[in-house]
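**Q** Can you read through this structure? Questions will come right after.
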Amino acid sequence: MSEHKDSDETRQALSASAYLLQNGQPQDAIDLLQPLNEADPAHPDVAINLGGAYVLLRKWDKAIEILIPAAEANAYNAMLWSNLAAAHLGRLELAGPKAQQDAIEAYKRALQADPKAPNVHYNLGLIFKERGELDNAIEMFERALEVNPDDRDADYWLSLLERARSEVNKLEAGDGEVASDANGDGV
């Protein structure tokens, strides 16, 4: 794991970039952080903010390029792995199987670093749901609720997917028809 002693300049740039990101100015944050990243590509906080800026701009490949060296150098930083997973995934509804698998692997690394990393189980549940892996999705939403019992989104998806699994089990047993979701097009 890398050890970083930040200069006043680095601390100020990190603080300013966080402010810029919170205020919807990712390009300004990139301009501020890029020189710091070039000087130390393994700096975790710089990579998190810079990668986050590229994610906000939907420049997924650039975010991946920034986050991989920092994640590999800081293997126990769950946030780096989680951000790398988000960059690999891009927009879930547009992500292909390879991007989904790369995101799954990065999320698993985040959980190795911190088994209770925020939102990781939930995001894995969404990926597995998208892939049609019902049992894996249900397991991840259950774990998301163990980490954060107040996660209403995880509770919603868990409830919906458990009903879907029940309907599939009924169909397989020859007992009924598959229920539709609110849009009438199945789960």
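**Q** Testing Glu139 on (1) surrounded by 15 or more Cβ atoms within 10 Å (Cβ to Cβ); (2) modelled with pLDDT of 95 or more; (3) touching a helix residue (DSSP H, G or I) at 6+ places or on another chain (Cβ under 7 Å), one condition comes back false. Which one is that?
**A** So the condition that Glu139 fails would be (3).
**Q** One residue is enough: does segment 99-106 have a residue meeting the conditions in a helix (DSSP H, G or I) and buried (at least 22 other Cβ atoms within 10 Å of the Cβ)?
**A** Within segment 99-106, one or more residues are in a helix (DSSP H, G or I) and buried (at least 22 other Cβ atoms within 10 Å of the Cβ).
**Q** Identify the residue in segment 88-111 that is among the aliphatic types (A, V, I, L, M) and in contact with a Ser or Thr (Cβ under 8 Å, 6 or more places away or on another chain) and, among all such residues, is farthest from Ala63 (Cα to Cα). Spell out the reasoning first.
**A** Residues of segment 88-111 among the aliphatic types (A, V, I, L, M): 89, 92, 94-95, 99, 103-104, 106, 110-111.
Next cut, in contact with a Ser or Thr (Cβ under 8 Å, 6 or more places away or on another chain) only: 106, 110.
On the way: Ala106: 14, Ala110: 17 Å.
Looking at residues that are among the aliphatic types (A, V, I, L, M) and in contact with a Ser or Thr (Cβ under 8 Å, 6 or more places away or on another chain), I get Ala110.
**Q** Might you check whether a residue that is surrounded by 20 or more Cβ atoms within 10 Å (Cβ to Cβ) and not small (Gly, Ala, Ser) occurs anywhere in segment 129-136?
**A** yes
**Q** Is it the case, given these coordinates, that Asn74 is buried (at least 18 other Cβ atoms within 10 Å of the Cβ), polar (S, T, N, Q) and over 10 Å from the mean Cα position of the chain (by Cα)?
**A** Taking the combined requirement at face value, the residue satisfies it.
**Q** Determine which single condition Glu65 fails, assuming it passes every other condition in (1) modelled with pLDDT under 95; (2) of a type in the set (Asp, Glu); (3) within 28 Å of Lys108 (Cβ to Cβ).
**A** All conditions are met except number (1).
**Q** Is it true that Lys5 is at pLDDT 95 or above, surrounded by fewer than 23 Cβ atoms within 10 Å (Cβ to Cβ) and either outside any helix (DSSP H, G or I) or not acidic (Asp, Glu) (or both)?
**A** On the way: at pLDDT 95 or above: no; surrounded by fewer than 23 Cβ atoms within 10 Å (Cβ to Cβ): yes; either outside any helix (DSSP H, G or I) or not acidic (Asp, Glu) (or both): yes.
Taking the combined requirement at face value, the residue does not satisfy it.
**Q** Give the residue, chosen from Ala154, Ala95, Ala179, that is at pLDDT 95 or above and of a type outside the set (S, T, N, Q).
**A** The conditions single out Ala154.
**Q** Now for a separate question. Looking at (1) part of a helix (DSSP H, G or I); (2) aromatic (Phe, Trp, Tyr); (3) under 23 Å from Asn49 (Cβ atoms), can you tell me which one Tyr76 breaks?
**A** For Tyr76, the exception is condition (1).
**Q** Which condition does Tyr156 not pass, out of (1) loosely packed, with under 13 Cβ neighbours inside 10 Å; (2) part of a loop (DSSP other than H, G, I, E, B), if it passes all the others?
**A** Condition (2) is where Tyr156 drops out.
**Q** Another question about this same structure. So in segment 110-122, with the set limited to residues that are without any contact (Cβ under 8 Å) to a residue 40 or more places away in the chain and assigned to a helix (DSSP H, G or I), which one is farthest from Pro97 (Cα to Cα)?
**A** The extreme case among them is Ala113.
The values are calculated or read from the model by the stated rules, or taken from the named source; none is laboratory data. What you see is a predicted model, and the numbers here were worked out from it, not measured in a lab. In this analysis, Cβ positions are derived from the backbone assuming ideal geometry, glycine residues included, and neighbour counts consider all displayed protein chains.
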